[in-house]
Amino acid sequence: MKKLLLVIVCIFMLTGCDIEYNLTIDNDSFDEKIVLSILKQDTSFENMTDYLKNKIPISNERYETKFYEPSIDVHENSYDLVYDYSYDLDSFKNGFFVNNCYTDISITEDGDILNISSGKDFRCLSPDNGLIADSAKINIKTKLEVLDNNADSVNGDTYTWNINKNNYETKTINLKLKKVNENSFDFSFIIYIAIPIIIFGVIFILAKNKIRKINKI
């Protein structure tokens, strides 16, 4: 499995494909979705279905027994070959795509701080691998607090890096997140729920006592 999946997919194309790597990070989950978009004018649906037969492991483990189950999305002018999988932190560290596209990927956890950093060489866009891909877009989406990043653009909670033939040898990804401490007390409960209930209870008791006094008179 040393031969990159993206090479397997794209090397036979007449022109390049566009790669979109989407990663959604939660406290303990990493939901990965890789989309390879090829124009209809450059291939046929029958050729696309041939790629569904490739058994691609979800990690670089030597005896990995789990494999991606790819699918094809059909659009007006293109076909999307889609690979997706949901990891936990430990399995994501050895994920197939992240380790084949970046040889120096680092994913570390220090208390509630999560650091993700890559090396400079994005191998999945390297001409040395015979790949004809035109570009790669990496989207990382998270609702966790972002302490530091070097994304090219940020749209809401999505951080995007754009990789092309001019920067694939120097483009790095750095993202520092603060995870949510699930054992910590949520003070928003007091503010939004507990306090209104207490106030309503006090008003109810005062009103009830006032009614009793009126009835006694």
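Odds and ends about this structure:
- Test: residue in the stretch 79-94 that is part of a loop (DSSP other than H, G, I, E, B) and either open to solvent by less than 20 Å² (accessible area, probe 1.4 Å) or free of Cβ contacts under 8 Å to residues at least 12 places away in the same chain (or both): no
- Hits in the stretch 139-163 - residues which are part of a strand (DSSP E or B) and without any contact (Cβ under 8 Å) to a residue 12 or more places away in the chain: S153, V154, N155
- Residues that are within 16 Å of the chain's Cα centre (by Cα) and of a type in the set (A, V, I, L, M, F, W, C) within the stretch 107-123 comprise I107, L114, I116, listed in sequence order.
- Selection of first residues in the stretch 164-178 that are closer than 14 Å to L125 by Cβ and of second residues that are open to solvent by less than 90 Å² (accessible area, probe 1.4 Å) and at pLDDT below 90, restricted to Cβ pairs under 6 Å at least 6 apart or on distinct chains, gives the following pairs, ordered by first then second residue: N164/S135; Y168/F122; Y168/L125; E169/D121; K171/F122.
- E76 being within 20 Å of the chain's Cα centre (by Cα), assigned to a loop (DSSP other than H, G, I, E, B) and more than 30 Å from V146 (Cα to Cα): no
- Where a residue in the stretch 11-33 is buried (at least 17 other Cβ atoms within 10 Å of the Cβ) and assigned to a loop (DSSP other than H, G, I, E, B) and its partner, wherever it lies, is of a type in the set (G, A, S) and at pLDDT 85 or above, with Cβ under 9 Å and at least six apart: G16/S135; C17/S37
- Restricted to the stretch 169-191, and to residues there that are among the charged types (D, E, K, R) and open to solvent by 100 Å² or more (accessible area, probe 1.4 Å), the residue that is modelled with the lowest pLDDT is E182.
- If you filter the stretch 41-73 down to residues that are part of a helix (DSSP H, G or I) and aliphatic (A, V, I, L, M), you find that the one that is farthest from the chain's Cα centre (by Cα) is M48.
- All positions within the stretch 103-125 that are touching a residue at least 40 places away in the same chain (Cβ under 8 Å) and either part of a helix (DSSP H, G or I) or within 17 Å of E32 (Cβ to Cβ) (or both): L114, I116, S118, F122, R123, C124, L125
- Close pairs (6 angstrom Cβ cut-off, 6 or more residues apart or separate chains): on the phi > 0 side of the Ramachandran plot in the stretch 47-68, in a loop (DSSP other than H, G, I, E, B) and among the aromatic types (F, W, Y) anywhere: none
- When the criteria are applied in full, I58 fails the requirement of being under 24 Å from F122 (Cβ atoms) and modelled with pLDDT under 90.
The values are calculated or read from the model by the stated rules, or taken from the named source; none is laboratory data. Only a predicted model underlies this, so the values are computations on that prediction, with no experimental measurement involved. Every residue, glycine among them, receives a Cβ derived from its backbone with ideal geometry; neighbour counts consider all protein chains shown. SASA here: full protein model, heavy atoms, side chains in, ligands and nucleic acids out. Shrake-Rupley method; radii C 1.70, N 1.55, O 1.52, S 1.80 Å.
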